[in-house]
1. Could you grab me the full set of residues in the stretch 104-125 that are farther than 30 Å from PHE43 by Cα and at pLDDT 85 or above?
2. May I ask you to list the residues in the stretch 7-23 that are polar (S, T, N, Q) and either over 18 Å from ALA36 (Cβ atoms) or not in a loop (DSSP other than H, G, I, E, B) (or both)?
3. ARG116: assigned by TED's automatic domain parsing to the domain that holds PRO11 and basic (Lys, Arg), yes or no?
4. Go through VAL50, VAL128, VAL83 for me and flag whichever is at pLDDT 85 or above, aliphatic (A, V, I, L, M), touching a strand residue (DSSP E or B) at 6+ places or on another chain (Cβ under 6 Å) and buried (at least 16 other Cβ atoms within 10 Å of the Cβ).
5. What tally of residues in the stretch 137-149 results from selecting those that are crowded, with 16+ Cβ neighbours inside 10 Å and either assigned to a strand (DSSP E or B) or modelled with pLDDT of 95 or more (or both)?
6. Quick check on my filter: what residues within the stretch 116-132 are without any contact (Cβ under 8 Å) to a residue 60 or more places away in the chain and assigned to a strand (DSSP E or B)?
7. Only one of THR21, THR67 is farther than 24 Å from TYR4 by Cα, in contact with a helix residue (DSSP H, G or I) (Cβ under 7 Å, 6 or more places away or on another chain) and of a type in the set (Val, Ile, Thr); which?
8. May I ask you to verify whether VAL30 is modelled with pLDDT of 80 or more and in contact with a Leu (Cβ under 6 Å, 6 or more places away or on another chain)?
Amino acid sequence: MAEYSGEDRFPRSFETLNDGTVRDAASVNVGLEALADRTLYLFNRRVEAVHLTSWGSEENGVGLAPTMAYADWLDAGSFVFRVDVPNVEPLDVLLLDCSFTLEFLASGADDQARVRLVAVAPNGAIVVPAGAHVASELRNSRAPAAISGFLVAAQAGTYRIKLQGKTRNGDPGQLGIYDGFVLRVLHLKR
């Protein structure tokens, strides 16, 4: 008996036996090897995991100190505004989806709130995933906000996905998350 572990390819078609075909190893192996190749191909591109964190409060919010540079929304008590994604390999894809209620109490007419998701790579570098930011002209009210994006991993290890925010011009007004927050990360193998 021979062992075959498959190749990382997905053949579109392959030969099968017809009625009356003499069955021997050569006639059967073509189809079986093609199926093994497809199985390995699909396994290598599977959903590895879904990572999730959420927070909600009808009475409280979590504010961000006024800053002109992006700053992390910090954990306060049991509030968690980040997700760690372990076992990431190069070329794995991380799909990011975040929804929350944003409040920006601006002090000036031209001020703007900016919120983004970032990934801290295993080597400590900050990476901004494609599409993972939002600018809001929202002033002095609360409104739902959503951010989505993706990241193709450049190195192996654990990636930390976290929420950051800032106000344009260092507006001293309040930037905060209220009501609810959900961050989901879908980890796809290359």
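1. If we filter the stretch 104-125 for residues that are farther than 30 Å from PHE43 by Cα, which is where we start, we get 104-116.
Of everything in the stretch 104-125, those that are farther than 30 Å from PHE43 by Cα and at pLDDT 85 or above turn out to be VAL115, ARG116.
2. Filtering the stretch 7-23 down to residues polar (S, T, N, Q) leaves 13, 16, 18, 21.
Within the stretch 7-23, ASN18, THR21 qualify.
3. Numbers: assigned by TED's automatic domain parsing to the domain that holds PRO11: no; basic (Lys, Arg): yes.
Criteria not met by ARG116.
4. On the way: VAL50 fails: buried (at least 16 other Cβ atoms within 10 Å of the Cβ); VAL128 fails: buried (at least 16 other Cβ atoms within 10 Å of the Cβ).
The unique qualifying residue is VAL83.
5. 5
6. Within the stretch 116-132, ARG116, VAL118, ALA119, VAL120, ILE126, VAL127, ALA130 qualify.
7. Details: THR21 fails: farther than 24 Å from TYR4 by Cα.
None of the other options fit; the residue is THR67.
8. Details: modelled with pLDDT of 80 or more: yes; in contact with a Leu (Cβ under 6 Å, 6 or more places away or on another chain): no.
Judged against the criteria, VAL30 is not a match.
The values are calculated or read from the model by the stated rules, or taken from the named source; none is laboratory data. What you see is a predicted model, and the numbers here were worked out from it, not measured in a lab. All Cβ positions, even for glycine, are placed from backbone atoms using ideal geometry, and neighbour counts span all protein chains on display.
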